[in-house]
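Take a look at the structure set out below.
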Amino acid sequence: MGRLDGKVAIVTGAARGQGEAEARLFAAEGAKVVVADVLADEAAAVAADIGDAARAVTLDITDEAAWQQVVADTEEAWGPVTTLVNNAGILDFNAVDRYDADRFRTVLEVNVVGAFLGIKSVTPSMARSGNGSIVNISSNGGMEGLPFLSAYSTSKWALRGLSRSAAIELGRKGIRVNTVHPGGIDTPMTRFDGSDNSTSAFYQNLPIKRVGTVDDVAPVVLFLASDEAGYVTGAEYAVDGGHLAGDAAVLSQIPGA
Ligand SMILES: NC(=O)c1ccc[n+]([C@@H]2O[C@H](COP(=O)([O-])OP(=O)(O)OC[C@H]3O[C@@H](n4cnc5c(N)ncnc54)[C@H](O)[C@@H]3O)[C@@H](O)[C@H]2O)c1
């Protein structure tokens, strides 16, 4: 018995990183999984490695017509979509007083409008399934400010408003909507210039003194996707080693601590 037996899932940004881990875990727990990404070759390789339970699709999440096609194709192949993980996202650094407005808009377009289009596109199919779960991958940056990441942080805060609003509207259609807020997770997104996250002082100062891994996040997403979370909607789950709890580095300043 898998925890997602009978589920039909779409995971965006599943060609690598956290999305790949979620797609693999979902399939291992009995779901059919669409591995959706703009990285066509990488998505195809992940789906092929998973096997018959997975299909790769090339999807730019900012393209509404492409979303409609993916949902229609998925339902034709496997039945109504039960599960959506809006995981795809982009990170972009710039100073708030020097940010090019079009670049700022692009971050919002991918990270917010892309997730909105996913919710909009899957809702009719999910409502037909009678039991849906949407998980939007926000960030610790959706609960605090991030210097030089103003567009990214803005987008991740916006996902909370989108998720809570959708949770209120879609509950009556049998659809739950929640957000997950990873902290620093060791993926291509955070390996700047080949940097080694395992030795970074930032992570050593967390309550849980290490960088997060994709295998820390995927089980939380799995829980929210599963029927075990049947009464959980409009909720926000931090998976950040305790970063949002407060500053663990201050412990070194307290005598006897
Ligand atoms: N890595 C972290 O520290 C961290 C922390 C908090 C939140 N997050 C969020 O987690 C999610 C996954 O990030 P990751 O760490 O696995 O990064 P990643 O860069 O490894 O993966 C992101 C994936 O999204 C895909 N993607 C980007 N734009 C797309 C588009 N327009 N359409 C379809 N696919 C697109 C990329 O091709 C890539 O495969 C993102 O939303 C990210 O913002 C990451």
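Spelling out what I want: for every residue of segment 73-81, take phi, set θ = phi - 60°, compute 6.51 cos²θ - 1.76 cosθ + 1.60 (Karplus), and round to whole Hz; glycine and proline get x.
Each residue of segment 73-81 in turn: 5, 5, 5, 5, 6, 10, x, x, 6 Hz.
Taking all pairs of distinct Cα atoms, average 1/r, flip it, and tell me the Kirkwood hydrodynamic radius of the chain in Å to one decimal place.
Result for the chain stands at 18.5 Å.
Hey, rough spin-label estimate for residue 69 and residue 252, points 7 angstrom out along Cα→Cβ, what's it come to in nanometres?
It is 5.3 nm.
When the accessible area of segment 8-253 is split by element with a 1.4 Å probe, what percent falls to carbon and sulfur?
54
Can you give me the convex hull volume of the Cα atoms of segment 1-77, divided per residue and expressed in Å³?
With only Cα atoms used, segment 1-77 gives 75 Å³ per residue.
Fully extended, how many nm does the chain gain between residue 5 and residue 191 (0.36 nm per residue separation, minus their Cα-Cα distance)?
So the chain would gain 63.5 nm between residue 5 and residue 191.
So what is the calculated 222 nm ellipticity per residue for the chain, using -39500 (n - 2.57) for each DSSP H run with n of 4 or more, over all residues, to the nearest 500 deg cm²/dmol?
After summing the helix terms and dividing by residue count, I get -12000 deg cm²/dmol.
Among all lysine pairs in segment 8-253 that are eight or more places apart or on different chains, how many have alpha carbons less than 22 angstrom apart?
Going through segment 8-253 pair by pair, I get 4.
Compute the long axis of helix 150-170 from its Cα atoms, compare it with the longest principal axis of the Cα atoms of the chain, and write down the angle in degrees, 0 to 90, nearest 10.
Value to nearest ten degrees: 40.
Hey, what D do you get for segment 48-191 in µm²/s if you plug the Kirkwood alpha-carbon radius into Stokes-Einstein at 20 °C and 1.002 mPa s?
The Stokes-Einstein estimate is 133 µm²/s.
Taking Cα atoms, how many degrees apart are the long axis of helix 40-50 and the longest axis of the chain, rounded to 10 and kept between 0 and 90?
80
Which of the peptides 114-123, 178-187, 17-26 is most tightly packed, and how do the rest follow, going by the mean number of other Cβ atoms within 10 Å of each residue?
Taking the mean over residues of other Cβ atoms within 10 Å, the ranking is 17-26, 178-187, 114-123.
Per residue, how many Å² of accessible area does segment 125-257 show with a 1.4 Å probe?
With the other protein chains kept in place, segment 125-257 gives 48 Å² per residue.
With charges only on Cβ, +1 for K and R and -1 for D and E, what is the dipole size of segment 8-253 about its Cα centre, in debye, rounded to 20?
660
Mind giving me the FRET efficiency for residue 58 and residue 169? R0 is 30 Å, r the Cβ-Cβ distance, nearest 0.05 is fine.
0.50
Below 8 Å, C-alpha to C-alpha, sequence gap of six or more: please give me the relative contact order for the chain in percent.
Relative contact order of the chain: 18 percent.
The values are calculated or read from the model by the stated rules, or taken from the named source; none is laboratory data. Small disclaimer: the values here were computed from a predicted structure and weren't measured. Backbone-built Cβ (ideal geometry, glycine too); neighbour counts: all protein chains shown. Heavy atoms of the whole protein, side chains included, go into the accessibility calculation; ligands, DNA and RNA do not. Shrake-Rupley method; radii C 1.70, N 1.55, O 1.52, S 1.80 Å.
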